[in-house]
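Some notes on the structure that comes next.
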Amino acid sequence: MPQISMNSPVGAITIFEFDDQIVAVDWGFVEDMEPSPVLSDAKAQLNAYFDGKLDAFNLPLAPDGTDFHKAVWDAMCKIPRGKTATYKDLAIAAGAPTAYQAVGTACGLNPIPIIIPCHRVLASGGKPGGYSGGGGLETKRALLKIEGVDLIIPSDQGNLL
């Protein structure tokens, strides 16, 4: 499977491609890289995103999941850079207005984080919710900060997210 690694402000990440479509982004660096035009474009777009020069990704994506998961991920892609949405907002957008927990599950199963921006999804009241990507909530905070969003988590959960 073609894959390419890169350093980013949130650590080393690897992008995976299958049949000319991005299928995963994972934390870590691989030594046996196999670049492709799609992966080179993804890397360039990610660098532009991290540099604040890209508001929305334009890449062929093929995340593997249920129809509901795909509906949630599609809704995530519509959250603009620098904005956030709640699990409730995404449940409504995915056609299951009371499925907040299922939306949380879809966020955690997102195989293409950053590009499919699950870091922009918060719990009610602006609480951070979770983040399954490398570094957990610190990575979520860092990604949002790159976008100009500064979250403060309640005092019972620690300091700044």
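Key figures for this structure:
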{"read-out": "Conditions (1) farther than 30 Å from P37 by Cβ; (2) in contact with a His (Cβ under 8 Å, 6 or more places away or on another chain); number of the one not met by G126", "value": "(2)"}
{"read-out": "Residues of the range 7-22 that turn out to be farther than 17 Å from A142 by Cα and either surrounded by fewer than 18 Cβ atoms within 10 Å (Cβ to Cβ) or touching a His at 6+ places or on another chain (Cβ under 9 Å) (or both), as a count", "value": "5"}
{"read-out": "Residues of the range 71-85 satisfying the condition of being in a loop (DSSP other than H, G, I, E, B) and open to solvent by 40 Å² or more (accessible area, probe 1.4 Å)", "value": "K78, P80, R81, K83, T84"}
{"read-out": "Condition check for A44: open to solvent by 30 Å² or more (accessible area, probe 1.4 Å), hydrophobic (A, V, I, L, M, F, W, C), under 17 Å from the mean Cα position of the chain (by Cα) and more than 21 Å from G134 (Cβ to Cβ)", "value": "yes"}
{"read-out": "Top-ranked residue of the range 86-131 - restricted to ones that are of a type in the set (S, T, N, Q) and assigned to a helix (DSSP H, G or I), ranked as least open to solvent (accessible area, probe 1.4 Å)", "value": "T105"}
{"read-out": "Near pairs, Cβ below 7 angstrom, 6+ apart or cross-chain, from the range 65-91 (among the charged types (D, E, K, R)) to any residue that is open to solvent by 40 Å² or more (accessible area, probe 1.4 Å)", "value": "R81/D55; R81/A56; K88/Y100; K88/S124"}
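The values are calculated or read from the model by the stated rules, or taken from the named source; none is laboratory data. Bear in mind the structure is a predicted one, so any value in this text is a computation, not a measurement. A quick note on method: Cβ atoms are made from the backbone with ideal geometry, for glycine too, and the neighbour counts reach across all protein chains shown. Heavy atoms of the whole protein, side chains included, go into the accessibility calculation; ligands, DNA and RNA do not. Shrake-Rupley method; radii C 1.70, N 1.55, O 1.52, S 1.80 Å.
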